[in-house]
Amino acid sequence: MPQGDSLTAAYCLHLGDDALIYAQRLGEWISRAPQIEEDMALGNIGLDLLGQARALLTRAGELDGTGRSEDDLAYFRDERDFRSVHLVEQPRGDFGFEMARLLWFATYQCELYAALVDSRDPVVSAVAAKAVKESAYHRDHAEQWVLRLGDGTDESHVRMQDSLQAVLPYLAELFDDDEVSVAAASAGVGALPSALHDAVVERVGDVVVRATLTLPHEVTWRSRGGRIGVHDQSMGHLLAEMQHIARSHPGASW
Amino acid sequence: MVTATATDVVEAVRAVPDPEVPVISIDDLGILRDVAVEGGVVRVTITPTYSGCPAMEAIRARIERVVTDHGLCAEVTTRLSPAWTTDWMSERGRDALRRFGVAPPHVRSDEPVAVGLSVRRVDCPLCGSHDTEEISRFGSTSCKALRRCLSCREPFEEFKAL
C-alpha cells in the first residue's frame, strides 16, 4: 500500500480520472444534444470537469516521483492504468440516460468535494473548494431536467424511469471503500467513499420523488474494479478516440 | 527611473484585458491577485474563474508579452486557493460589463439562498428593465448564462455570480 506522497498521488488519480473520463463523454454531446443551449451546457460541464482533472493529474505527476505531466497521464497511460469508475466510461445513451448519470455523478461529486475541502493536501483542498460550487451547478442542471422529463409526457416519464434503471448497476462502485481511498481518508487526504453514500442517495431520492419517478433498487449485476484498472469494452474505444492524436504525433503543438 | 518602470509595468499588467470579455481588465475581473516587481523579474499571480477556464493560457501569454515589452522577465503563477468569486469584481468592472451588454453578477451575501427556480432579479443591461427571464443556465463561456428581456425583447448574457 502506498504511503505519503505516493498515496496522495494515487488518490489524485482516482479523482482526476473520474473527472477526465466523464469530461470526454460529455464532450461527445456537442452537436448531438436536443437543443443548442444543451450542447453548450454539457460542453461547459465537461470543461469544468476537465479543469479539475488537469489540476489533479498535474498533482499526481508531481507527487508520484515520475515527473509525468497532465498530458503524459491523460494521453500516454494504457487502459489498465486508469482509475475511473465504470459509471463515467459508459457509452453515451439517450438524453435521459445522460441526465440520470449526471444527477448521480454531480451529486456524488458535491458530497465528495465538500468533504475534501478540509484535505491535508493543499492542491486537493484547493480543487475541492472550487469544484464544490461547480458540481452544485451541474447537479442543479441535471435536477431541472430530471424533474421536467419525469413529470413530463408519458413517453418522457417512461424513458426517464428506464434511465434511472440503466445507471443503477454502476452506482454502488462509487461508494466502495477501496484500499487507496481508505488509506487516503485515514491520512486526512481523502474522503471515505462509503461515508458519502447516504447523503447522495437522499439527495437524488428527493429529486426522483418530485419528478414522480421511483428510485429503482433491484440489481442482478453491479460494476466493480474501476479503481484497480479493470474496465469494460467501452473504455478502450473512449481512450482510442481521446488519445490517438497525441500518440500519432507525439510532442506535436501549434 | 527604476521606480517609474516598475509602476508602469504593474499598471500595464493590471490593464491586460480579459480575452473573452475585452472591455474588462483582469484586475477589474479579480483574476489578478498579485503583481510584484523584484529586480528584473515581475511575479504575477492569477486565479482562474472556473476550473476549466480556457482563457487562462491566453491571459498568461498576454501578461508575459506586456512584461517583456517593458524589458523585464515575467513569472506567472496560477493560484487556486482561495477560489475566485465574482465578489472580487470591481465596481468599475461591473459598469464596464453593463455597458458592454452583459449583466454583471449580483453581489452574493451570506444569507441562505433558496435553490430551485430562480427568483433573482437581473436587470436588462440594455434598457434597465427588471422584467427578464432565464433562457439557459449556460452561455457561450462557463462564466455566463443566457437571459432575455421581456420589456425590450433583447436577449443578453449574464455574468453568473459565483
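Descriptive notes on the structure:
- Single condition A:Asp94 does not satisfy, out of (1) touching a helix residue (DSSP H, G or I) at 6+ places or on another chain (Cβ under 8 Å); (2) within 14 Å of chain B (Cβ to nearest Cβ): (2)
- Residue satisfying all of: in segment B:1-26; small (Gly, Ala, Ser) and modelled with pLDDT of 95 or more; farthest from B:Met56 (Cα to Cα) among these: B:Ala12
- Filter result (open to solvent by 10 Å² or more (accessible area, probe 1.4 Å), within 14 Å of A:Val167 (Cα to Cα) and assigned to a loop (DSSP other than H, G, I, E, B)) within segment A:182-223: A:Thr214, A:Leu215, A:Pro216, A:His217, A:Glu218, A:Val219, A:Thr220, A:Trp221, A:Arg222
- When B:Glu64 is tested against (1) under 20 Å from A:Val127 (Cα atoms); (2) acidic (Asp, Glu); (3) more than 13 Å from chain A (Cβ to nearest Cβ), just one condition goes unmet, and that condition is (1).
- Restricting A:Ser31, A:Ser84, A:Ser69 to those that are within 18 Å of B:Ser51 (Cα to Cα) and away from chain B (no Cβ under 11 Å) reduces the list to A:Ser69.
Yes/no per residue for (1) without any contact (Cβ under 8 Å) to a residue 60 or more places away in the chain; (2) surrounded by fewer than 24 Cβ atoms within 10 Å (Cβ to Cβ); (3) not β-branched (Val, Ile, Thr):
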residue: A:Tyr108; (1), (2), (3): no, no, yes
residue: A:Tyr113; (1), (2), (3): yes, no, yes
residue: A:Pro122; (1), (2), (3): yes, yes, yes
residue: A:Glu134; (1), (2), (3): no, no, yes
residue: A:Asp140; (1), (2), (3): yes, yes, yes
residue: A:Leu147; (1), (2), (3): no, yes, yes
residue: A:Gly150; (1), (2), (3): no, no, yes
residue: A:His157; (1), (2), (3): yes, yes, yes
residue: A:Gln161; (1), (2), (3): yes, yes, yes
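- Search result, residues across segment A:156-179 that are of a type in the set (A, V, I, L, M) and under 17 Å from the mean Cα position of the chain (by Cα): A:Leu164, A:Ala166, A:Val167, A:Leu168, A:Leu171, A:Ala172, A:Leu174
- Odd one out for B:Val44 among (1) free of Cβ contacts under 8 Å to residues at least 40 places away in the same chain; (2) surrounded by fewer than 21 Cβ atoms within 10 Å (Cβ to Cβ); (3) in contact with a helix residue (DSSP H, G or I) (Cβ under 7 Å, 6 or more places away or on another chain): (2)
- Given (1) hydroxyl-bearing (Ser, Thr, Tyr); (2) over 30 Å from B:Leu146 (Cα atoms); (3) surrounded by 18 or more Cβ atoms within 10 Å (Cβ to Cβ), index of the condition A:Ser69 fails: (3)
- Every condition in (1) acidic (Asp, Glu); (2) closer than 18 Å to A:Phe97 by Cα; (3) facing chain B (nearest Cβ under 9 Å) is met by A:Asp48 except one, and the failing one is (2).
The values are calculated or read from the model by the stated rules, or taken from the named source; none is laboratory data. Quick caveat, the model's predicted, so the values are computed rather than measured. Note: ideal-geometry Cβ built from the backbone for every residue, glycine included; neighbour counts use all protein chains shown. SASA here: full protein model, heavy atoms, side chains in, ligands and nucleic acids out. Shrake-Rupley method; radii C 1.70, N 1.55, O 1.52, S 1.80 Å.
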